[in-house]
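Following: one structure in structure tokens, then a few remarks.
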Amino acid sequence: MYLANILILVALRRENSLNPPSKLLLLNLTITDLCAGFISHPVSIALTRTGISQSTFEECRLLEYVAFLLSTIFSGVSLSTITAISVDRLMALLLEIRYRQVVTIKRVRIIVFLQWVQCTLLGAVSLWNIRAFAIASGVTIMLMITISTFSYTRTFHYFRCRRKAVQDHGCQGAGAKLMMARYKKTVINSLWVHLTLMSCYLPFILVTVITLIRGLNLTLFVVHIFAVALVNLNSLLNPILYCWKIKEIQRAVKETLRQFCTFVA
């Protein structure tokens, strides 16, 4: 998966046919996933082993804070970018020709910058008060999931209305078939994206709520670390769910691999 992220990063740098704001969001997603893979994941694994091997969890506090800080920053930016991508796709459908006027590269750069600032501040909260961090992170994740759910629901509704309009007018030509195929592909891809997002982040929210109600003990401590690892797993799946399904990225990745194999040979 790390290799997939590296290949996609190289491909995105070389690919010029993508819309610049969308390309920037994909670049930001790939970079954060790489950081999570090379930095946050090893720390979380080390924390999991330490937490399991200790009779108490007080000795793991420092490593716990480091893991929470890194996971919050990288996974937080990754989730925020995923949400931004879902909104970006919805706006591209609804705004049509006005999309390039509303969604500019300058505005997306500001959004990306604010994502990093917000997630860094949220991570710093874990060093100050772990309860406040749990509440803030849980609310943030729920907000992001809600926005993504709304965006994908609106996307489904948009294509359903388009399909109904085609059926009502009795259009059965090549254009209608193309639209139906696009509808089916969009629904399937969006469903996979949303199910993966929910599967990776909802356990973290559930464990966080239980911890806030019952307090942190050794069992919840270990379960919480596994929930964090599951959140990090989402970063490994993003290359397939987002970038590999884009034809321009597929083409660029294949060209990069072809050139690399030629160079090695």
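The values are calculated or read from the model by the stated rules, or taken from the named source; none is laboratory data. In this text, all values refer to a predicted model and were calculated from it rather than measured experimentally. Ideal geometry is used to build each Cβ from the backbone, glycine not excepted, and the neighbour counts take in all protein chains shown. To get the accessible areas, we keep the full protein, side chains included, count just its heavy atoms, and leave off ligands, DNA and RNA. Shrake-Rupley method; radii C 1.70, N 1.55, O 1.52, S 1.80 Å.
For the reader, a short list of remarks on this structure follows.
- Residues of the range 64-97 classified as charged (D, E, K, R) and modelled with pLDDT of 80 or more, total: 2
- In the range 127-146, the residues that are surrounded by fewer than 17 Cβ atoms within 10 Å (Cβ to Cβ) and within 13 Å of ILE82 (Cα to Cα): LEU143, THR146
- Every residue from the range 207-226 that is buried (at least 20 other Cβ atoms within 10 Å of the Cβ) and aliphatic (A, V, I, L, M): VAL207, ILE225
- For LEU29, the stated conditions hold: it is at pLDDT 70 or above and under 20 Å from LEU230 (Cβ atoms).
This table checks each residue for (1) over 22 Å from MET198 (Cβ atoms); (2) of a type outside the set (Gly, Ala, Ser); (3) touching a Lys or Arg at 6+ places or on another chain (Cβ under 6 Å).
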site: SER80; (1), (2), (3): no, no, no
site: SER86; (1), (2), (3): no, no, no
site: ALA92; (1), (2), (3): yes, no, no
site: ILE97; (1), (2), (3): yes, yes, no
site: LYS106; (1), (2), (3): yes, yes, no
site: ILE110; (1), (2), (3): yes, yes, no
site: LEU114; (1), (2), (3): yes, yes, no
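- Criterion applied to THR48, THR56 was being more than 23 Å from CYS261 (Cα to Cα), outside any loop (DSSP other than H, G, I, E, B) and either open to solvent by less than 10 Å² (accessible area, probe 1.4 Å) or at pLDDT below 75 (or both), and the one residue passing it is THR48.
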